[in-house]
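Undergrad: Have a look at this one before I ask anything.
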Amino acid sequence: MRVLHTSDWHVGRMFHGRDLLADQESVLGGMADLVEDERIDVVVVSGDLYDRAVPSGEAVLACTRILDRIRTAGARLVITPGNHDSAPRLGVYADFAAVGGLHLRTRIAELDRPVLLDDEHGPVALYGIPYLEPEPARHSMGVDAPGHAGVLTEAMHRIRADLTGRGEGVRSVVLAHAFVTGGAPSASERTIAVGGVEQVSSAVFDGVDYVALGHLHGPQRLAEHLRYSGSPVAYSFSEARHHKSVWLLELDAHGLAGVERRTLPVPRALAAVSGTLESLLVAPEHAGLADHYLSVELTDRVRPTDALRRLQARFPHAVHLDWRPDGGVAGASLRYARTVRGHSDHDVACQFVDDCRGSQPSDGERALLREALAAVANEERAELANQRGSSAA
């Protein structure tokens, strides 16, 4: 049996205000070609099918088209929810969908009831562990198992017990959405920490042929049988160097026979540049970045006006902007420490304007600052007088 391990589709996600739905449908819908070319039997999605618990109508329609293309190409699908999904909403028509080859494993009570599929060597059991929020999961399972490690340990105990009861020769794949120790996070995952602890040991998942992990967005191998596929599309600039991909695993009569990587197309590359606004607008070495999603760090001593709009005239997909003046940040911190110590509120306010704008306030602006500070002081005195009057009464 040939299984394609995917996760973290996050259908409907935005990227710095840009709609990614077309990019997502292009990449994910293209998996149908991979299913056909590679003779894939099953595609698994290990959590975060959607980016929100209540996805938009457009996201639902796009996801439906993607799943339909994959199913039409010949693969069955097994999906379990992640921390971004709503398990009840995702699994609402699970029994009906299974008839058509879409298996939604969303219920904690059924995590040890696998999807059983057959090949020439016999049955393969695919278990879906929905994302387990520790406290609700602990109560649902009726166990005293605190934290992510506790509830996942209990989940795997139940899965191994079911697998043992099925006798020899049954191969196994587990879908799980978790942060396993040794995995490398990126900036686009939502934390699943509870009480400061979110990681679980890889040993929790011992005893099965393959564990298809979801949650971390970078593709990575923790062990031969324990891997993250990562997200199919980059969702933060920290993922600019990721090679987005999926894992193709093959199960033979004895279990896991091998795992191969299949890279995915990049709908729009990510890049980061740094420099003054004027240099970035004319430097010929940046000409090739016009089609990239761009993160820009401006180093101008004075913050330029309307910088992002001006950058987008040359780089239409510039979406993120930081201003870090050369030598300005550390210098400003030292100046504030000196300015506040032993100086009036008016002096501090004037220095604040200078640090933010790069020039001292004019005489008129100084007068307005003085009036504003005086008005605040008068209000504070009046409030204090009212409080004293109330206390005396």
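Undergrad: Going by the conditions given, is residue 19 under 17 Å from residue 230 (Cβ atoms) and within 21 Å of the chain's Cα centre (by Cα)?
TA: No, not satisfied.
Undergrad: Also, quick follow-up: Filter segment 116-129 for residues that are of a type outside the set (A, V, I, L, M, F, W, C) and assigned to a strand (DSSP E or B); which is farthest from the chain's Cα centre (by Cα)?
TA: Of everything passing the filter in segment 116-129, 122 is farthest from the chain's Cα centre (by Cα).
Undergrad: With the requirement that a residue be in contact with a helix residue (DSSP H, G or I) (Cβ under 7 Å, 6 or more places away or on another chain), farther than 24 Å from residue 114 by Cα and either in a strand (DSSP E or B) or without any contact (Cβ under 8 Å) to a residue 12 or more places away in the chain (or both), what does segment 196-219 give you?
TA: Scanning segment 196-219 gives a single hit, 197.
Undergrad: Any chance you could count how many residues in segment 220-262 are assigned to a strand (DSSP E or B) and of a type in the set (D, E, K, R)?
TA: Total meeting the criteria: 7.
Undergrad: Continuing with this model, one more query. Quick test of your reading of the structure: residue 113 fulfils all but one of (1) surrounded by fewer than 20 Cβ atoms within 10 Å (Cβ to Cβ); (2) touching a residue at least 24 places away in the same chain (Cβ under 8 Å); (3) of a type outside the set (Phe, Trp, Tyr); (4) assigned to a helix (DSSP H, G or I). Name the failing condition by number.
TA: (4) is the only condition that residue 113 fails.
Undergrad: If you don't mind, there's one more thing I want to ask. Taking the condition of being in contact with an Asp or Glu (Cβ under 8 Å, 6 or more places away or on another chain), part of a helix (DSSP H, G or I) and either more than 21 Å from residue 305 (Cβ to Cβ) or free of Cβ contacts under 8 Å to residues at least 12 places away in the same chain (or both), how many residues in segment 343-377 meet it?
TA: Going through segment 343-377 one residue at a time, the tally reaches 1.
Undergrad: If I filter segment 214-267 down to residues being closer than 20 Å to residue 200 by Cβ and of a type in the set (A, V, I, L, M), which single residue comes out as surrounded by the most Cβ atoms within 10 Å (Cβ to Cβ)?
TA: Among those that are closer than 20 Å to residue 200 by Cβ and of a type in the set (A, V, I, L, M), it is 216.
Undergrad: Suppose the filter is in the same structural domain as residue 44 (by TED's automatic domain parsing), modelled with pLDDT of 90 or more and either touching a Leu at 6+ places or on another chain (Cβ under 8 Å) or closer than 16 Å to residue 214 by Cα (or both); does residue 109 pass it?
TA: No: the conditions fail for residue 109.
Undergrad: Okay, next question. Output the qualifying pairs, or none if there are none: Cβ atoms under 7 angstrom, residues six or more apart or on different chains, first residue in segment 81-94 and assigned by TED's automatic domain parsing to the domain that holds residue 54 and surrounded by 14 or more Cβ atoms within 10 Å (Cβ to Cβ), second residue of a type in the set (Lys, Arg) and not in a helix (DSSP H, G or I).
TA: From residues that are assigned by TED's automatic domain parsing to the domain that holds residue 54 and surrounded by 14 or more Cβ atoms within 10 Å (Cβ to Cβ), the pairs are 83/190; 84/52; 84/190; 91/107.
Undergrad: Of all residues being out of contact with any His (no Cβ under 8 Å at 6 or more places or on another chain) and within 10 Å of residue 79 (Cβ to Cβ) in segment 95-110, which is surrounded by the fewest Cβ atoms within 10 Å (Cβ to Cβ)? Just the residue, please.
TA: 102
Residues checked against (1) modelled with pLDDT under 80; (2) in the same structural domain as residue 300 (by TED's automatic domain parsing); (3) surrounded by fewer than 14 Cβ atoms within 10 Å (Cβ to Cβ); (4) of a type in the set (A, V, I, L, M, F, W, C):
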position	(1), (2), (3), (4)
337	yes, no, yes, yes
341	yes, no, yes, no
353	no, no, no, yes
356	yes, no, yes, yes
364	no, no, yes, no
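Undergrad: Okay, next question. Across segment 135-175, what is the total count of residues that are under 30 Å from the mean Cα position of the chain (by Cα), within 18 Å of residue 225 (Cα to Cα) and outside any helix (DSSP H, G or I)?
TA: Qualifying residue count, segment 135-175: 4.
Undergrad: Here is a check on your reading of the model: is residue 28 over 16 Å from the mean Cα position of the chain (by Cα), crowded, with 16+ Cβ neighbours inside 10 Å and closer than 23 Å to residue 211 by Cβ?
TA: Taking the combined requirement at face value, the residue satisfies it.
The values are calculated or read from the model by the stated rules, or taken from the named source; none is laboratory data. Since we're looking at a predicted model, the values are computed, not measured. Because the Cβ atoms are built from the backbone with ideal geometry, glycine has one as well, and the counts that use them run over all protein chains shown.
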